[in-house]
Amino acid sequence: MGVPERPTLRLSVTFLLLSLGLPVLGAPPRLICDSRVLERYILEAKEAENTTMGCAEGPRFSENFTVPDTKVNFYAWKTMEVEEQAVEVWQGLSLLFEAILRAQALLANSSQPSEMLQLHVDKAISGLRSLTSLLRVLGAQKEAISPPDSTPPAPLRTFTVDTFCKLFRIYSNFLRGKLKLYTGEACRRGDR
């Protein structure tokens with residue numbers, strides 16, 4: 001008899017390797033479909049949001065950052081093809097990644113950077129890299145492939161933020177909203 005496998009340990013090692021941006025051999029091909037995986041990233045985003053809530057009017061960015069609108073019209077979302085949902089999620093993740101990288105640069109150039117803020121920014125960058133890798137494995141397309149006679153998809157709705165508090169709130173809401181809805185639907189369709 002072999003030694004029983006410990007799924008919790010395997011999942012922890014997988015998270016560690018993914019957070020470092022390394023490919024994970026032997027990892028389940030649809031790891032993002034395990035609700036615990038996405039919940040881990042959502043929890044980290046919520047922690048960052050909660051940490052910065054006390055400083056709602058805290059240090060402002062020297063410029064505004066464009067982020068995705070996190071509001072979801074559930075009727076419109078349900079009528080979208082999963083490929084269209086994927087494009088919206090990719091665009092949103094891309095905007096968030098760009099905004100968080102710019103926030104990281106501002107922190108690096110700050111005269112007194114907050115270690116806690118830096119930790120959450122670093123975790124967000126690592127989390128976005130891992131989520132991107134997981135979505136690629138899921139087969140999500142960055143761009144919708146549509147017939148030549150069809151109308152192009154509507155542009156992603158966006159707005160701007162000027163504080164870490166607002167940035168982390170959007171990050172948390174995006175993961176809990178559009179990303180979770182998309183992965184749930186993509187995983188269901190993949191199981192058929």
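The values are calculated or read from the model by the stated rules, or taken from the named source; none is laboratory data. None of the values given here were measured: they were computed from a predicted structure. Cβ coordinates were reconstructed from backbone atoms using ideal geometry, including for glycine residues, and neighbour counts include every protein chain displayed. Just the protein is used for accessible areas: all its heavy atoms, side chains included, with ligands, DNA and RNA removed. Shrake-Rupley method; radii C 1.70, N 1.55, O 1.52, S 1.80 Å.
For the stretch 87-117, the candidate set comprises residues that are among the small types (G, A, S) and surrounded by 12 or more Cβ atoms within 10 Å (Cβ to Cβ); within that set, the residue that is farthest from L131 (Cα to Cα) is S110.
Here E84 fulfils each of the conditions (1) under 23 Å from L167 (Cβ atoms); (2) open to solvent by 60 Å² or more (accessible area, probe 1.4 Å) apart from (1). Residues that are among the polar types (S, T, N, Q) and either assigned to a helix (DSSP H, G or I) or under 25 Å from R36 (Cβ atoms) (or both) do occur in the stretch 108-120. The residues in the stretch 49-81 that are touching a Ser or Thr at 6+ places or on another chain (Cβ under 7 Å) and modelled with pLDDT of 90 or more can be counted, and the count is 7.
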